[in-house]
Amino acid sequence: MQEVTKSLLREYHAGRATPLQVKLIEDWLKNPDNESLFYQALFEWESEHPQYLVDTNAALTKYHHYMDEAEKQPRPQSAVLPTAPGRRLFSPWMVAASSLLLVFLGAWLLREPLLYETYTTRFGEIKRFQLADGSSVVLNANSTLQVPRFAIGRKDREVFLTGEAEFSVTHTVDHRRFVVRTQRQLNVEVLGTEFVVFARERATRVMLMKGKVQLSYPAPAHARVRPLVLRPGEQATLDAKGRLSIRPETHPKKYNAWKDHLFVFENTSLREVADLIKENYGLNVDIQGTELAERIITGSFNADTVDELLDVLKELMRINVVRHKNRVVFSEKNLKP
């Protein structure tokens with residue numbers, strides 16, 4: 001059964017979804033929890049495909065200039081259109097209505113920046129910031145966090161994450177929920193806690209450091225979304241095939257070590273390291289040989305840049321590492337890349 005993802009929703013908004021996909025989305029929208037992802041995908045698609053780009057300030061200035069000049073010039077009798085007695089062709093309310101129409105049109109096209117404050121990081125960049133409710137966030141490289149401008153501080157606190165981030169959530173006296181929503185619909189609801197969310201193409205993970213969180217995710221065969229409580233030291237993983245697993249972690253701190261530019265590998269394959277390099281630094285990694293791709297690495301070390309990370313891998317694993325622009329090649333020492 002096909003899963004409803006943001007990519008499928010964008011196809012739906014573009015009018016390219018098949019009848020079966022449309023029915024799938026309609027059934028999926030019967031769950032109110034899915035509405036936020038639906039409208040988020042709509043905002044993103046329409047902001048990238050506007051039907052008409054308008055400069056409202058320039059349009060208003062030009063229109064007011066035209067009206068001022070029209071008032072100064074005497075209108076020839078032949079050019080006067082027949083109107084009702086005492087009624088002018090251009091009344092003040094018509095000018096005001098036209099101006100408001102332009103303003104509303106501009107607001108509609110720019111509604112996503114108005115509705116959401118967006119935090120982004122480039123490849124290799126880490127940002128720290130505080131939300132309006134006092135909660136703090138550390139955003140890993142190549143990540144995006146959208147925060148509704150008119151929700152934080154007034155009702156349930158809800159954010160949208162693509163990438164990876166550590167959250168330290170502030171408890172509110174009225175016990176308002178804090179919800180992190182991800183593309184694969186593995187959503188995290190908390191009251192006050194510390195946790196790390198990883199939401200990328202290969203998987204979605206939640207690592208709970210302390211406190212208490214409740215997870216919700218789509219059950220198989222489009223059954224009702226079922227909640228699940230995560231305990232400190234446990235990690236939940238939703239893989240690319242929609243399979244959810246939970247396991248205890250002996251060293252949970254390794255999952256937020258990236259915020260200090262610390263890389264912690266524990267029986268990690270070189271293939272997984274290559275995925276990390278692509279996600280965090282935007283480099284395509286070519287591993288020459290299946291055996292080399294499955295070779296594991298264990299240890300922790302600091303690296304402020306991708307070149308420092310590549311140098312460590314080269315020395316620690318005793319392999320050839322060659323970088324050319326956005327491509328990296330890993331090969332055995334006795335082979336030429």
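The values are calculated or read from the model by the stated rules, or taken from the named source; none is laboratory data. These figures come from a predicted structure and were not determined experimentally. So basically every Cβ, Gly included, is an ideal-geometry build from the backbone, and we count neighbours across all protein chains shown. Side chains are part of the model used for accessible areas, which takes the heavy atoms of the whole protein and leaves out ligands, DNA and RNA. Shrake-Rupley method; radii C 1.70, N 1.55, O 1.52, S 1.80 Å.
Could we say that residue 165 is under 19 Å from residue 121 (Cα atoms), of a type in the set (A, V, I, L, M, F, W, C), open to solvent by less than 20 Å² (accessible area, probe 1.4 Å) and outside any strand (DSSP E or B) here?
The answer is no for residue 165.
Could you tell me which numbered condition residue 315 fails, if it satisfies all but one of (1) at pLDDT 90 or above; (2) outside any helix (DSSP H, G or I)?
It is condition (2) that residue 315 fails.
Return the only residue of 282, 289 being open to solvent by less than 60 Å² (accessible area, probe 1.4 Å) and under 16 Å from residue 141 (Cα atoms).
Every option except 282 fails the conditions.
Looking at (1) closer than 30 Å to residue 304 by Cα; (2) buried (at least 18 other Cβ atoms within 10 Å of the Cβ); (3) modelled with pLDDT under 90, which is the only condition residue 201 fails?
Result: residue 201 fails condition (2) only.
Filter the range 237-274 down to the residues that are touching a helix residue (DSSP H, G or I) at 6+ places or on another chain (Cβ under 6 Å) and farther than 27 Å from residue 127 by Cβ, then identify the one that is least open to solvent (accessible area, probe 1.4 Å).
270
Which of the following residues is under 24 Å from the mean Cα position of the chain (by Cα) and over 18 Å from residue 202 (Cα atoms): 230, 276?
230
Which pairs turn up if I take residues in the range 263-287 that are under 15 Å from residue 198 (Cβ atoms) and touching a residue at least 12 places away in the same chain (Cβ under 8 Å) and look for partners that are open to solvent by 40 Å² or more (accessible area, probe 1.4 Å) and assigned to a helix (DSSP H, G or I) with beta carbon separation below 7 Å, at least 6 apart in sequence or on another chain?
That search, which allows pairs on different chains as well, returns 264/254.
Against the definition (under 23 Å from residue 144 (Cα atoms) and of a type in the set (Asp, Glu)), how does residue 311 come out, yes or no?
Details: under 23 Å from residue 144 (Cα atoms): no; of a type in the set (Asp, Glu): yes.
No; evaluated as a whole, the condition is false for this residue.
Here's a check for you: in the range 152-162, which residue that is within 26 Å of residue 122 (Cα to Cα) and either over 14 Å from the mean Cα position of the chain (by Cα) or of a type in the set (Gly, Ala, Ser) (or both) is modelled with the lowest pLDDT? First the steps, then the outcome.
To start, the set of residues in the range 152-162 that are within 26 Å of residue 122 (Cα to Cα) comprises 152, 157-162.
Pick out the ones that are also either over 14 Å from the mean Cα position of the chain (by Cα) or of a type in the set (Gly, Ala, Ser) (or both) and you get 152, 157.
Working: 152: 48, 157: 83.
Per the criteria, the residue is 152.
Of the residues that make up the range 30-44, is at least one open to solvent by less than 70 Å² (accessible area, probe 1.4 Å) and either in contact with a Pro (Cβ under 6 Å, 6 or more places away or on another chain) or modelled with pLDDT of 80 or more (or both)? Can you show your working first?
In the first step, residues of the range 30-44 are kept if they are open to solvent by less than 70 Å² (accessible area, probe 1.4 Å); the result is 31, 34, 36-38, 40-44.
So of that shortlist, the ones also either in contact with a Pro (Cβ under 6 Å, 6 or more places away or on another chain) or modelled with pLDDT of 80 or more (or both) come out as none.
So far as the range 30-44 goes, no, none of its residues is open to solvent by less than 70 Å² (accessible area, probe 1.4 Å) and either in contact with a Pro (Cβ under 6 Å, 6 or more places away or on another chain) or modelled with pLDDT of 80 or more (or both).
So that you can scan it fast, the table gives a plain yes or no per residue for (1) modelled with pLDDT under 90; (2) assigned to a loop (DSSP other than H, G, I, E, B); (3) farther than 20 Å from residue 248 by Cβ; (4) open to solvent by 20 Å² or more (accessible area, probe 1.4 Å):
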position: 170; (1), (2), (3), (4): yes, yes, yes, yes
position: 174; (1), (2), (3), (4): yes, yes, yes, yes
position: 180; (1), (2), (3), (4): no, no, yes, no
position: 184; (1), (2), (3), (4): yes, yes, yes, yes
position: 188; (1), (2), (3), (4): no, no, no, no
position: 192; (1), (2), (3), (4): yes, yes, yes, yes
position: 195; (1), (2), (3), (4): no, no, no, no
position: 208; (1), (2), (3), (4): no, no, no, no
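Here's a check for you: in the range 122-134, which residue that is in a loop (DSSP other than H, G, I, E, B) and without any contact (Cβ under 8 Å) to a residue 60 or more places away in the chain is surrounded by the most Cβ atoms within 10 Å (Cβ to Cβ)?
131
Here is a check on your reading of the model: is residue 137 modelled with pLDDT of 85 or more, surrounded by 18 or more Cβ atoms within 10 Å (Cβ to Cβ), under 13 Å from the mean Cα position of the chain (by Cα) and β-branched (Val, Ile, Thr)?
No, not satisfied.
Applying the selection to the range 289-321, what residues are touching a residue at least 60 places away in the same chain (Cβ under 8 Å) and farther than 14 Å from residue 275 by Cα?
Of everything in the range 289-321, just one residue is touching a residue at least 60 places away in the same chain (Cβ under 8 Å) and farther than 14 Å from residue 275 by Cα, namely 305.
Provide a single number: the residues in the range 292-328 that are surrounded by 13 or more Cβ atoms within 10 Å (Cβ to Cβ) and more than 20 Å from residue 265 (Cα to Cα).
The number of residues fulfilling the criteria is 2.
So how many residues does the range 322-337 have that are out of contact with any Lys or Arg (no Cβ under 7 Å at 6 or more places or on another chain) and without any contact (Cβ under 8 Å) to a residue 40 or more places away in the chain?
5
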